[in-house]
Amino acid sequence: MTPLQKSILNAVKRRPMTLRELQNNLQVDNSRLRTTVSAMVATGELSMRNGTYVPGFATYENTNAPDTIPCTLVKLAARFGFASRDDGEGDIFIPGRALHGAMPNDKINVKLFDHPRVEGSSEGEVVEVTVPNNRFAGTVCLSEDGRMAVEPDGCRDVKFLLAKQGSEGVHLGDKVGFLITHRGNRHSDHRAAVVEKFGSSDYASECAKAILYGRNVRQEFPPEVLEEARAYDNAVVDPAEVAKRLDLRGIPIFTIDSAETKDIDDAISLQKLEDGYELGVHIADVSHYVRPGSALNEEAFERATSIYYADKVIPMLPTQLSNGICSLNEGEDRLAFSCLMRLDEKGEIHSYKFVKSVICSRVKGVYKEINALLEPEEGADLSELQTKYAAVLEQLPTMDELYRKRLVLRKARGGMEIESNEAKLVMDENGRCVDIVKRDRGTSECMIEEFMLLANQCAANAGRTNKVPFVYRVHEAPDAEKMEKLSATLLACGLNAKFKNPIPTQLELAALLDETRGQPIQIPVHTGILRSMQKARYAPQPLGHYGLVLADYAHFTSPIRRYPDLAIHRILSEMLQGVSNSQLQKDFNEFAQQASEKSSKQEVAAVRIERDVEDLYKAEYMHNHLGEVYTGTVAGITPRGVFVELDNTVEGFVPAAQLCKGEPQVIDGVSMLDPLTGKSWMLGSSMKIQVAAADVALGRIDFEYMVE
C-alpha cells in the first residue's frame, strides 16, 4: 500500500469523508487523489456510502465471530440470494433486504435468523463482506430511469449504473467485462465501469468470451511460460534419452481419436497370446518435459485442466507441448509412459508393469473410420480405409474381441452405463452454430474408453499397493436420503425401484439403466440417477469408484489436458527409479493433497463453463428456428412448467400456464395434472412444441405447447 493510500484509509477510518473533504485534509493533487481513490474502491479497500468514502470490505479482518458463519455468496437475484457455508454444511437463504449489496463470489459472514420463514431451513443476513469480488461480465441495458446500466451475468434483474468514463462506444445489448468501482449498502447503490468490450449479446461467441472473463479463466500464458515453451519449438526426442528407455518402435502402435483432435496423448497396441492378451496403453510422457519448479508446471497446476467448448480449447499446456513434442503424432518418435498389461482368456488382468518407453505411432486413427472397419455397412467400399490402416489392421478384430470380453465383466460387476446425450455443435466459418447433432458413441469409442480404464486401474493399484502418496479418482457411495428420493421418483414412473438397502447396489442401478435404455423414459431416469449420486473427484486416499465398481481407479491417460495424470506420472516415475518409500512420502505427501484439491475445484469450474457455453450456442442455433415445430420428450417437471428435450439434445421450457387452465398439480415430481381439464403430462411422454424464444445471452430457450 502506498503512503497516499495509507493516508486515505487512516482518514476515512476516523470518519466518512467526501472527495473534497479528503482533498482538504490531505492537501494532495485532485487528479492523483481521484485516481487513487478509484483504484482503492475497485480493490475493495474503500467503499462509497451516501456520497462519502468509508473503509472497504478488504480492510476488515475476518473475525469469524461466534454468532456468524463464514460463507461465499453463490447466487444472486433481485430479491434473494444463496450463501454456501465454507464448512460445507449446506446453503443459507438470504432475503433481498438482508444481502446489503453482497455479490456472487464475495466472501461473507452471515448471521442466522432465529426464526426463519420456513421451519427447518437456514436463513440469514450478511453482516460483513470480508473479501469482495468486483470482477464480472454482463449485458449493457437501461436502468429504470433510462440511464446506461449493466446487468451481471447470472444475476437476473440486478442492474448497476455505468460510469461515463470507460463506457464510451458501448451499446445496448453489448456483452462487456466490468468492475464494480463503488459499493453501497444496496445493489442499486453500486456503480460499475466497463473494462472489456466483447460485442453483441446476440452472438454466442461474444457471450462465451464474457463468461470466460467473468469467471477469471486464464486464457493467455504468462511470458515466462511461453519462454520455456519456445524451447520445444519443432522439438524432436533426445537420442540420449531414447537410449535409456524401452524401445517399442518396432511394435504396431497407433492412436484413435476424433478427426479434429490435435493433442493426442494416448496410443494402444495389442497382441494375442496363447493364454490371453498383451495390451499396451502408451501415454505421452509429459512429466519428462514439465518438471517440478518450472513455470510450465506452475501454470499447469493453476489451470489443472484444459477447457473444451464449441470448436475451441483453452489448453493446460502451450501448443509447443500439447500439439507438438508431447502429442503422439503419426510417424514421429515420441517419449511415452507405457502400461503393459497381461490379461487372461476371459479378459481379466493377470499382471501389469509400467515402463518408460519410446514409440512411433503407425497411424492416426479416427473413431468413425475404425467403426466402419469393425462394423462395415453392407456394400461399403473399405479399400481406402484398409490401405490407411494396413499397418495395424490385424489388431482391430482382436481389440474388438477383448473389448467384448471386458464389457461382459463390467456388466457382471454392475458397472453403470449412463446415457448422457452429449451434443456436437457444428460451426460455420464465422463461429456461428449452424447445427446440433447428438454425439453417438460407436464401438471404437467404447473400446478405447475400456482400455484407458484398464491402465487407470493399474496405475491406482500401483499407488495403493506400494503405499505411496498418490492422486486417486474417487467416486463415493451415494447419500441414502438422495437414494430414497430417487426410489420414490422411479416408483412413481412405474419402475421396479424398491431397493433392498438404503443405498442400492450398482447392479440394481445398472438394471434400471438397462431397462429404460432406448425407451422414452430414458432421459429423465438416466439423468435422475446421475444427479442422485456423488460427484467424482480427486483425493489422496484410495476410496474406490462406486460408479465403475472398482476398488482402484486413478487418471493416468491424459497428462496433456489433466494435471492429476501428470502428477501421478511424476510419482510413478520416481517409483520406477527406485526412490525409497520414505523419500516419496517427503516429496509427494503435500503435493498429492494440493493437486487433488486444486484439480477437483478446477474441474468443477471447467465443466460448468463448458455446459454454460454450450447452452449459449444451442440458444443461438434455435434462434434461427423460431416458429418451427418439433416433437420432444418431457425431461423435467416443476410447478412452474416442464422441460422438453428434443432429439438433438436441445432443452426448452414450457410454462405451466400454457398447459393448465387451472392450478397445476405436480404429482411425485414425475407428472403434472390440470385439475380442470383432466389432462396430464408425465416424464418421458412426448410433447409437440413450437420454438417461441431463444435468448442467447442467457442460454435460455422457451417453447410453446402445441395442442395435438
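What follows draws every value from the coordinates through simple rules; no lab data is involved. Please read these numbers as outputs of a predicted model, since none were measured by experiment. Backbone-built Cβ (ideal geometry, glycine too); neighbour counts: all protein chains shown.
Remarks
- Residue order, fewest to most beta carbons within 10 Å, for GLU299, GLU375: GLU375, GLU299
- Prolate/oblate/rounded call for the range 73-143, Cα gyration tensor, a/c under 1.5 rounded: prolate
- Calculated over the range 190-239: convex hull of Cα atoms, volume per residue (Å³): 146 Å³
- Using the Cα coordinates of the range 282-331, the gyration tensor eigenvalues translate into equivalent-ellipsoid semi-axes of 18, 17, 8 Å, sorted from longest to shortest.
- Length-normalised contact order of the chain in % [C-alpha pairs under 8 Å, at least 6 apart]: 10 percent
- When the alpha carbon coordinates of the chain are projected onto the principal axes, the ranges are 90, 72, 52 Å, largest first.
- Placing +1 on the Cβ of every Lys and Arg and -1 on the Cβ of every Asp and Glu, with no other charges, gives the range 518-580 a dipole of roughly 280 debye about its Cα centre.
- Paramagnetic reach from LYS467 in the range 575-603 [backbone N under 12 Å; point 7 Å along Cα→Cβ]: 581-582
- Full-stretch length increase - ASP67, LEU226 - with 0.36 nm per residue and alpha-carbon distance subtracted: 52.4 nm
- Stretching ARG342 away from GLN577 to a fully extended chain increases their span by 82.3 nm, per 0.36 nm per residue minus the current alpha-carbon distance.
- Across all directions, the shadow cast by the convex hull of the range 216-363 built on its C-alpha atoms averages 10.7 square nanometres.
- Charge dipole of the range 271-310 about the Cα centre (unit charges at C-beta), most positive-ward option of VAL290, TYR277, TYR309: TYR309
- Only the Cβ atoms of Lys and Arg (+1) and of Asp and Glu (-1) were treated as charged; on that basis the dipole of the chain about its Cα centre amounts to roughly 2320 debye.
- Leading residue at positive end of dipole, the range 545-600 (Cβ point charges), from VAL579, VAL549, SER599: SER599
- Considering only LEU566, ILE637, LEU142, and ranking their Cα positions along the charge dipole of the chain that arises from unit charges at the beta-carbon of Lys, Arg, Asp and Glu, the one farthest toward the positive end is LEU142.
- Taking other C-beta atoms within 10 Å as the exposure proxy, ASP87, ASP265, ASP668 rank ASP87, ASP668, ASP265 from fewest upward.
- For the range 307-403, size of Cβ-based charge dipole, Lys and Arg +1, Asp and Glu -1, in debye: 740 debye
- Relative contact order computed over the range 199-352 (Cα-Cα under 8 Å; 6+ residues apart), in percent: 28 percent
- Descending principal axes extents, the range 341-431, alpha-carbon based, whole Å: 49, 36, 34
- Using R0 = 30 Å, the C-beta based FRET efficiency linking GLN585 and ARG291 works out to 0.90.
- Kirkwood-type radius of the range 583-708, with distances r between different C-alpha atoms, in Å: 16.8 Å
- 222 nm mean residue ellipticity, helices alone, for the chain (DSSP H n ≥ 4; -39,500 (n - 2.57); rounded to 500): -9500 deg cm²/dmol
- Sorting GLU450, GLU663, GLU302 by the number of Cβ atoms found within 10 Å of their own Cβ, with the fewest placed first, yields GLU663, GLU302, GLU450.
- Cross-link pairs exceeding 32 Å in C-alpha to C-alpha distance, out of LYS159/LYS679; LYS13/LYS111; LYS312/LYS535; LYS75/LYS411; LYS346/LYS485, comprise LYS159/LYS679; LYS75/LYS411; LYS346/LYS485.
- Of LYS356/LYS598; LYS368/LYS424; LYS244/LYS467; LYS107/LYS197, pairs whose Cα-Cα distance is over 23 Å: LYS356/LYS598; LYS244/LYS467; LYS107/LYS197
- ALA390/ASN496 FRET efficiency (R0 51 Å; Cβ-Cβ; nearest 0.05): 0.50
- Using distinct alpha-carbon pairs, which all enter the 1/r mean, Kirkwood radius of the range 401-480 in Å: 16.2 Å
- With each label modelled as a point 7 angstrom along the Cα→C-beta vector, the LYS424-ARG186 pair spans 5.3 nm.
- P(r) of the range 95-248 over all Cα-Cα pairs, binned every 10 Å from zero, in whole percent: 10, 28, 23, 16, 10, 8, 5, 0
- Counting every pair of alpha carbons in the range 446-544, the share spaced more than 21 Å apart comes to 47 percent.
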